[in-house]
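Worksheet: the structure to be examined is printed underneath.
Computed from the coordinates by the stated procedures, all read-outs in this text should not be read as laboratory data. Because the structure is predicted, anything quoted here is derived from the model rather than measured. When we count neighbours, we look across all protein chains shown, and the Cβ atoms used for this are built from the backbone with ideal geometry, even at glycine.
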Amino acid sequence: NRRVKLGIASYDAIEIALDFGYKDEHAYKAMSELRERNPADSAYKVIYPWQKYFIYLVCILLGASAILGNVTIFIILFSLLNIYYFIINPFKIFIATRGFKHSQIGVNITQKEVYDADITSMPVYSVLVPVYKEARVLPEIIKHMNDLYYPKDKLDVQILIEENDDETITAARRLGLIGEPQVVIEGMTLDEYKQYIKFIDVTIVPNADVKTKPRACNYGLYRAKGEYVVIYDAEDEPDRDQLVKAVVAFRKLPKDYVCLQGHLNYFNYYENALARCFAIEYTFWFDFWLQGLDYIGAPLPLGGTSNHFKTEELKKLGGWDPYNVTEDADLGIRIVMKNLKTSMLNSTTLEEANLEVGNWIRQRSRWIKGYVQTFLVHTRHPIRLFKKMGLKQTFYFFFTFGGNIIMPLLNPILWLVTFVSLIDKSLTDYLFTPEITSIAIFNLILGNIIYVILHLIPCIIKKQYSSIPYAFLMPLYWIIMSYAAWKGALQLIYKPFYWEKTNHGLSSIQRQPIFKDINNNDSEKNNLQNKGDDVTPSGSVA
């Protein structure tokens, strides 16, 4: 028998010992738990044989049709896609109108309920903030975590930094998140600043071949101490009372509600036209579209941040899929598959809108790639999908989730057909028949008009009148989206697990506290940028 000795150690020493002792086990489980427990739910295997053979068959038939000069197969496929598109349009309009009419659906916690909640009896709440090459925005994380209306001794904040991310680790050391601070916030003493950051921990995520946000989150989940856990992105600014609202909501809702999705929008929506269009899209999606889905009982694809979970239920679900680059949307579907529920929460988190087209394309191509991954994963066993979801939910999954993939991919083909028909209508009528050509043109023109109107309405409802002119630019925005969609779909073939990094900290809006160096008292007003050795001057780099 082993002899056990009792000893006394500091809390930090115990944390370090546990980190060291479980590092390898947690690193392995972060990558493999879902894959080993429920391989059918993991995107580790991108595509199943029958799905691959089906795609091969379609490609062979199209190739043979082209070689033989017989366009029958192409016409049939194009016709089916157009009919699918034709059905999706009115269905999406129906969902949107439900969202406009029932925008308050979900759990709505009043300010009175927040104030009446006993703040001293709040449970421990874990906050996971995965970052990669985000040295520039670390000060924002410190500020926004401190702004939360929640007892600091009940907050378990983990900033998850990749082991090889020297840039961010160096910045964390300088800020005192690791070791002794080299700077303090202007106006604070060293002791005050140490108290200010005391509840924020840095978790170093061990290196791996696949570096994705869900892998880092899984690693943090094994160390989470809270009854509830939430994910925030590096630049996120959640409503101050969001955690209290989530606790009150979970206590009000039936036990089968395991997730709450907060609303998302942008603090810098007015910086340029791209940011305006992005914000209009987000307002429509999070304030109305998801409400419409919730109202009709359709699966809710989660957003990448401000997802609040019951920690133990999340662990039972296997956490996030580290091989899926939209782990949020995938988890939303898995929640439905387990007969569990998600609700919208009436609280908003502000993010940083992309201001650069290239940066936006990288982000959106990853989203579309992840949506395709998720769709392939959950349709690889159609009978299982039907048994788990039922007829109604399966229908909703194909026509809402599937529609969000098909539409941006199909749009360029519709544009081409419309363009050719304007030059030589007899050619398109010969290839597709007049009826199919008419449906294609109808889908494109009327579809765009309808979707412009659907994105115009939120601007009016939310009284964002300055954004109204930009709603008419949405068709141009969707052209860029189609390019990103094809980029992401094709990338799935040769880089299925590659995480396209979105650069943050590019906004001109200053949201960070001013720091001063402890040694020379010089103020550092630009996110510690004066320390060129510590922080990349141009911001986060993919």
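A compact table of results
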read-out	value
Calculated FRET efficiency for the pair ILE83/ASP424, C-beta based, R₀ 22 Å, to 0.05	0.35
Virtual spin-label span in nm between VAL71 and ILE479, 7 Å along Cα→Cβ	2.5
Stretchable slack from ILE461 to LYS198, in nm (0.36 nm times residue separation minus alpha-carbon distance)	90.5 nm
FRET E, pair CYS59, LYS315, Förster distance 45 Å, beta-carbon r, rounded to 0.05	0.65
Cα shape, the range 316-372, gyration tensor, a/c 1.5 rule	oblate
Candidate aspartates and glutamates for bridging to LYS45, where Cα separation is under 20 Å - those fewer than 8 sequence places away on the same chain excluded	GLU33, GLU36, ASP209, ASP321, GLU327, ASP328, ASP330, GLU500
Within the range 68-104, backbone nitrogen closer than 18 Å to the virtual label 7 Å beyond the Cα of LEU446 toward Cβ	79-97
Residue-averaged [θ]222 nm for the chain, counting only DSSP H segments that reach four residues, each worth -39500 (n - 2.57)	-17500 deg cm²/dmol
Kyte-Doolittle at least -1.0, axis length at least 18 Å by Cα - qualifying DSSP helices, the chain	11-37, 49-68, 72-101, 357-379, 402-423, 425-461, 474-494
Distance in nm between pseudo-label sites at THR120 and ARG251 (7 Å out along the Cβ direction from Cα)	1.4
Exposure proxy ranking, count of Cβ atoms within 10 Å, fewest first, for THR168, THR428	THR428, THR168
Relative contact order of the chain, pairs being alpha-carbon contacts under 8 Å that are 6 or more residues apart, as %	22
Eligible lysines near LYS310 by straight Cα distance, threshold 16 Å, same-chain separation 8 or greater	LYS154, LYS225, LYS245, LYS252, LYS255, LYS338, LYS341
